[in-house]
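Worksheet: one structure, shown below.
The values are calculated or read from the model by the stated rules, or taken from the named source; none is laboratory data. Because the structure is predicted, anything quoted here is derived from the model rather than measured. Here the Cβ is made from the backbone with ideal geometry for all residues, glycine too, and neighbour counts use every protein chain on show.
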């Protein structure tokens, strides 16, 4: 089972998607456990303030260390072996290989950053930072859901067909997946490639490999460069 605790200022942004589709079914089967924790529960005072102006001036607000560290420590008491990850645009890029690695670990604590980021002192309680790419989101909630989704589908039993994980983009040889088709065999003059209708599985496998390489060369040549390196 994959166990994840998400620390966030906006719990409802996380909770709703977890009820749907593959993630919802994985939770029903007991293959995925996700606890959503409101960081505000660890803030002092009537207004439960979790952010403040940055020292030295500048635009925006910064997440305060006291409530966030308290939330991390509480989560770590519940899951002592969990890896603590901060979703941040400054983190390493999250890729399929990392999803496999984290899914095998079994337990994670995901921190959703907000505003201009977190007080840098919080990083002493963080194992690593991850980013979805070179762009900025309004918060880490969407990134946390992406990480959970990518990991959950790698847990045995989550997907209906386990071969789906082996054949999809970025798996195996690290190539993009080739084109896919389904019924009808012809749609508005566009036909499914005859080889896919041939029933010759060896030829189909060879064609799919060729298409995967061609599509990767066209759309993500950097992936082929990584393979050679």
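Here are the numbers for this structure:
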| read-out | value |
| --- | --- |
| Unmet criterion (only one of (1) in the same structural domain as residue 28 (by TED's automatic domain parsing); (2) in a loop (DSSP other than H, G, I, E, B)) for residue 148 | (2) |
| Qualifying residues in the stretch 62-114 (those that are assigned to a loop (DSSP other than H, G, I, E, B) and surrounded by 17 or more Cβ atoms within 10 Å (Cβ to Cβ)) - the one modelled with the lowest pLDDT | 113 |
| Any hit, the stretch 47-59, residues being over 16 Å from residue 114 (Cα atoms), surrounded by fewer than 19 Cβ atoms within 10 Å (Cβ to Cβ) and in contact with a strand residue (DSSP E or B) (Cβ under 9 Å, 6 or more places away or on another chain) | yes |
| So residue 87, is it within 14 Å of residue 146 (Cα to Cα), touching a residue at least 40 places away in the same chain (Cβ under 8 Å) and in contact with a strand residue (DSSP E or B) (Cβ under 8 Å, 6 or more places away or on another chain) | yes |
| Failed item in (1) out of contact with any strand residue (DSSP E or B) (no Cβ under 8 Å at 6 or more places or on another chain); (2) at pLDDT 95 or above, with residue 129 passing the rest | (1) |
| Filter result (touching a helix residue (DSSP H, G or I) at 6+ places or on another chain (Cβ under 8 Å) and either on the phi < 0 side of the Ramachandran plot or modelled with pLDDT of 90 or more (or both)) within the stretch 170-183 | 171, 173, 175, 176, 177, 178, 179, 181 |
| Residue count for the stretch 177-229, restricted to those that are part of a loop (DSSP other than H, G, I, E, B) and either in contact with a strand residue (DSSP E or B) (Cβ under 7 Å, 6 or more places away or on another chain) or in contact (Cβ under 8 Å) with a residue 24 or more places away in the chain (or both) | 5 |
| Number of positions in the stretch 11-54 that are touching a helix residue (DSSP H, G or I) at 6+ places or on another chain (Cβ under 6 Å) and in a loop (DSSP other than H, G, I, E, B) | 3 |
